[in-house]
């Protein structure tokens, strides 16, 4: 097979299926015409070589044809791909973290950190892979997002959030909630537990009673820091680090509380949350107590998840300015 | 930051300039039907060099945009794909020619002011 046929064979590999033969026939006719004009008689290898060199590599030639684009997701779809990939990733990670939290709370098998961590890490390429497959199909089908620039309204621009400003509402809510819990803990220190109506039977919560000093300490530290933040009005490096430290203390306390409750529930014959609900039908004092303890446990798991999220956000804000250190070039003043 | 040398920069920028006018040049030469190889000759005669690997895909694009029409014609033993400007192509060519003249005037004025 001569060089021209080898070239065409290679071009065929990169061409879109549509019009493939037609395009190849045209290139062949062009190459023969050119060779005929340049060389009298039979063209040799060198003549073909120099002509093909002028045509360019098969890949490049094929890529110039409509439909021969050498990419999976084009520039029009790419911003949407990024957006969807972000949403999917957030949903997949969020759902798994939630599942871990629920599993912990329902007292399912002991928590195997590395196994769970591995599963979460593995889910990232899998979910991104599916998004890519969907977008490649959309691209192949020629789906184009409708972006109407004329409809774009500058007023729809999102407000830039000043990340260093302290959101006073959030902080004051934290101070109020913390103070109320502290006051309740102090006022009813001997009556921490579950009261069942009707009847007013009281069941103490031994796990919570045991942890009261630590809870009070972490609440006090958190309230003090919030008051300082409201007073200062701005986050600083120091206050962010302090907030992370206080949150880590809270997380430790909450983890101990969850573990304590789970252990207590297991020791009192409560095999998971659903069994606890079922047992309520028995209306025995134990069933009410178990239900109460499970409710406490749920509240602490929720608090744990919320604190974790807040801490991760704080850590990101803490690390980001260190990673992205950008300064303007010197400005000359006339 | 500048890794290109000057002659490379000139080459790239002038290629970019030329790329913009190629469809206009091709449309103007296809008032009567021609096949690709002959068109390259006509363009060269007019002083416009075009890569063979650029012309054929461009003809396809213009056809896809309904500015050109094409048909295979058997000449002797060899089939050739002939292109000719469509009605829509003619209308657009007229508008673009005017556009080109205006641009040319503007640039003349602009570049005339640049001291040599």
Notebook entry, point to check: Any residue at all in the range A:89-112 that is over 30 Å from residue A:295 (Cβ atoms) and exposed (fewer than 11 other Cβ atoms within 10 Å of the Cβ)?
Noted result: no
Next item on the list: Could you list all residues from the range A:281-297 that are surrounded by fewer than 16 Cβ atoms within 10 Å (Cβ to Cβ) and either within 38 Å of the chain's Cα centre (by Cα) or not in a helix (DSSP H, G or I) (or both)?
Entry: A:281, A:282, A:283, A:284, A:295
Notebook entry, point to check: Just for helices (runs of 4 or more DSSP H) wholly inside chain B: which have at least 3 residues that are over 16 Å from the mean Cα position of the chain (by Cα), away from chain A (no Cβ under 14 Å) and without any contact (Cβ under 8 Å) to a residue 12 or more places away in the chain?
Noted result: B:6-29, B:87-112
Check: Tally time: how many residues in the range A:68-88 are under 25 Å from residue A:20 (Cβ atoms) and buried (at least 16 other Cβ atoms within 10 Å of the Cβ)?
Finding: 3
Notebook entry, point to check: How many residues does the range A:1-40 contain that are part of a loop (DSSP other than H, G, I, E, B), away from chain B (no Cβ under 14 Å) and under 18 Å from residue A:65 (Cβ atoms)?
Noted result: 1
Note to self: Out of A:227, A:223, I need the residue that is surrounded by 18 or more Cβ atoms within 10 Å (Cβ to Cβ), under 28 Å from residue A:310 (Cα atoms) and modelled with pLDDT of 90 or more. Which one?
What the structure shows: A:223
Margin query: Is it the case, given these coordinates, that residue A:62 is in contact (Cβ under 8 Å) with a residue 12 or more places away in the chain and either within 14 Å of chain B (Cβ to nearest Cβ) or surrounded by 13 or more Cβ atoms within 10 Å (Cβ to Cβ) (or both)?
Written below: yes
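Let's see how each residue does on (1) within 14 Å of another protein chain (Cβ to nearest Cβ); (2) touching a residue at least 60 places away in the same chain (Cβ under 8 Å); (3) at negative phi; (4) assigned to a helix (DSSP H, G or I):
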residue: A:66; (1), (2), (3), (4): yes, no, yes, no
residue: A:69; (1), (2), (3), (4): yes, no, yes, no
residue: A:74; (1), (2), (3), (4): no, yes, yes, no
residue: A:83; (1), (2), (3), (4): no, no, yes, yes
residue: A:86; (1), (2), (3), (4): no, no, yes, yes
residue: A:90; (1), (2), (3), (4): no, no, yes, yes
residue: A:94; (1), (2), (3), (4): no, no, yes, yes
Note to self: On the basis of being closer than 30 Å to residue A:296 by Cα and within 22 Å of the chain's Cα centre (by Cα), does residue A:85 make the cut?
What the structure shows: no
Checklist line | the range A:41-56, subset free of Cβ contacts under 8 Å to residues at least 12 places away in the same chain and more than 9 Å from chain B (Cβ to nearest Cβ), residue surrounded by the most Cβ atoms within 10 Å (Cβ to Cβ) | finding: A:43
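The values are calculated or read from the model by the stated rules, or taken from the named source; none is laboratory data. Owing to the predicted nature of the structure, the values given are computational and were not obtained by experimental measurement. Quick reminder, even Gly has a Cβ in these numbers, built from the backbone with ideal geometry, and neighbours come from all protein chains shown.
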